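This report concerns only the one structure given below.
The values are calculated or read from the model by the stated rules, or taken from the named source; none is laboratory data. Since we're looking at a predicted model, the values are computed, not measured. Reconstructed Cβ throughout: ideal geometry from the backbone, glycine too, with neighbour counts over all protein chains shown. Calculation scope for accessible area: heavy atoms of the full protein, side chains included, ligands and nucleic acids excluded. Shrake-Rupley method; radii C 1.70, N 1.55, O 1.52, S 1.80 Å.
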Amino acid sequence: MVNKQNQRFGYGNKTIWSIECEKILQSVRTILTQDINSADSTDPSYPVLFEYNFGKNNTESINLGGINLIGKIDRVDVSFNSENNYLQHIFILDYKGSNPHSKKEMIERIRNALDCQLLIYTFVIQKYFFNNFNKENLNNMMKIGYIPYNKNNSHKNKDFRKSVIALEEFPKLADEFIKTVEIYIEHMKNGNF
């Protein structure tokens, strides 16, 4: 039974619900198509974690600038070296309904701590797998990016891995990010917003 408050927000409205269902189905189709294309590639990756909570209930936590961070990582994929089956790359992926920034814009946003999400997630997963984070050998295997899931931009990345940033190509990015975050936190602690 639908109450009046739910009707006010569109719950129980057949027209709105059918539109929302179609959006959800389109998002699922888009993500599955991208995964199928990725699996068919010569260098497949495999999802290993979905909706991973961190920073509470005895899960991995990261402390930046004296602040323990809490969050949820949408997805983590791994790929293996085809010659020796060793772990080759770890992909930190976040689903986005809006158009993600270009690689160049993303790098600048990360460097300036305007987009903190992917590197924080990277550090959490490094700690999860290796009990350490932000080390050169670990950063070199990390690839980070967004997976667009709406029908308006799904055609752009048939294989989402083509739009990810390989941290080994930007060896100072993680350190620059941490330094910027720590400066921002110190400013906030001092009341400078």
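Give me the three principal axis extents of the stretch 49-130 from the C-alpha atoms, as integers in angstrom, largest value leading.
39, 35, 23
Taking only protein heavy atoms and a 1.4 Å probe, what accessible area per residue, in Å², does the stretch 63-193 have with all protein chains in place?
Solvent-accessible surface per residue comes out at 54 Å².
How do the peptides 67-78, 136-147 rank, highest first, by the average count of neighbouring beta carbon atoms within 10 Å per residue?
136-147, 67-78
Provide the net charge surrounding ASP115, with neighbours chosen by a C-beta distance below 14 Å and charges set as Lys +1, Arg +1, Asp -1, Glu -1.
With Lys, Arg at +1 and Asp, Glu at -1, the neighbours total +1.
Which value, in Å² and to the nearest 10, is the accessible area of HIS187 when all protein chains are kept and the probe is 1.4 Å?
HIS187 has an accessible surface of roughly 90 Å² with all protein chains in place.
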